[in-house]
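To start, the structure itself, in structure tokens.
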Amino acid sequence: MARKQRKQHYAADFDLDVLSGDTDMFRWFLLCYLFGKPIQSDVAVATWQLFIEEKLDTPWAIADASDRTLVRLLHKGGYTRYQHVTARGLRVCMEQLIRDYEGSLYLMLEHSFDDNEFSKRLQKLYGVGPKIAEIFMREVEEIFARRVE
């Protein structure tokens, strides 16, 4: 039986321009983080939209949110089995991003010599594996291409 093709997601599909600044870049990262977990993509999108609506769309807001708040949002978005693990992972990831890069993915990018190094730095964040990095990196490759020009 042939494997079902996964839909490719792009930031523009969600009215995000990752090259415009930290806000859209972080929102794209948050969505990629949710896409990379064992959950259907429509559940990830619904949950991401709840995070945006609740103003939990910065590393600081997520790090400061209570476990109860994060679990409630994840559950409301459709996470029925992994909401506690995902909430903990998000918090640890955000705390790392704040500690190591002042909460800025742009700062992480600026500290990276090339896209390969940036991908490795992303994957040092808790819960970010190759798949999440791959999805996220599709949108920032242009920044590294501009550096070469």
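The values are calculated or read from the model by the stated rules, or taken from the named source; none is laboratory data. Given the structure is predicted, the values throughout are model-derived calculations rather than measurements. Positions of Cβ are backbone-derived with ideal geometry, glycine not excepted, and every protein chain shown enters the neighbour counts. Heads up: the accessible areas ignore ligands, DNA and RNA and are worked out on the full protein's heavy atoms, side chains in. Shrake-Rupley method; radii C 1.70, N 1.55, O 1.52, S 1.80 Å.
For the stretch 87-96, a residue qualifies if it is closer than 14 Å to residue 56 by Cβ and open to solvent by less than 10 Å² (accessible area, probe 1.4 Å), and the qualifying residues are 87, 90, 93, 94.
The numbered conditions (1) surrounded by 20 or more Cβ atoms within 10 Å (Cβ to Cβ); (2) of a type in the set (Phe, Trp, Tyr); (3) out of contact with any Leu (no Cβ under 9 Å at 6 or more places or on another chain) are all true for residue 113 except (1). Of everything in the stretch 69-83 that is modelled with pLDDT of 95 or more and among the basic types (Lys, Arg), the residue that is most open to solvent (accessible area, probe 1.4 Å) is 76. A residue that is among the charged types (D, E, K, R) and within 21 Å of residue 14 (Cβ to Cβ) occurs nowhere in the stretch 90-106. Among all residues of the stretch 60-70, there is at least one that is among the β-branched types (Val, Ile, Thr) and over 26 Å from residue 13 (Cβ atoms). I'd like the residue in the stretch 130-149 that is open to solvent by 20 Å² or more (accessible area, probe 1.4 Å) and assigned to a loop (DSSP other than H, G, I, E, B) and, out of all such residues, is nearest to residue 20 (Cα to Cα). By that ranking, first place goes to 139. Residue check: residue 56 meets all listed conditions (1) over 14 Å from the mean Cα position of the chain (by Cα); (2) free of Cβ contacts under 8 Å to residues at least 40 places away in the same chain; (3) crowded, with 18+ Cβ neighbours inside 10 Å but one, namely (1).
The number of residues in the stretch 15-33 being within 20 Å of residue 83 (Cβ to Cβ) and of a type in the set (Phe, Trp, Tyr) comes to 2.
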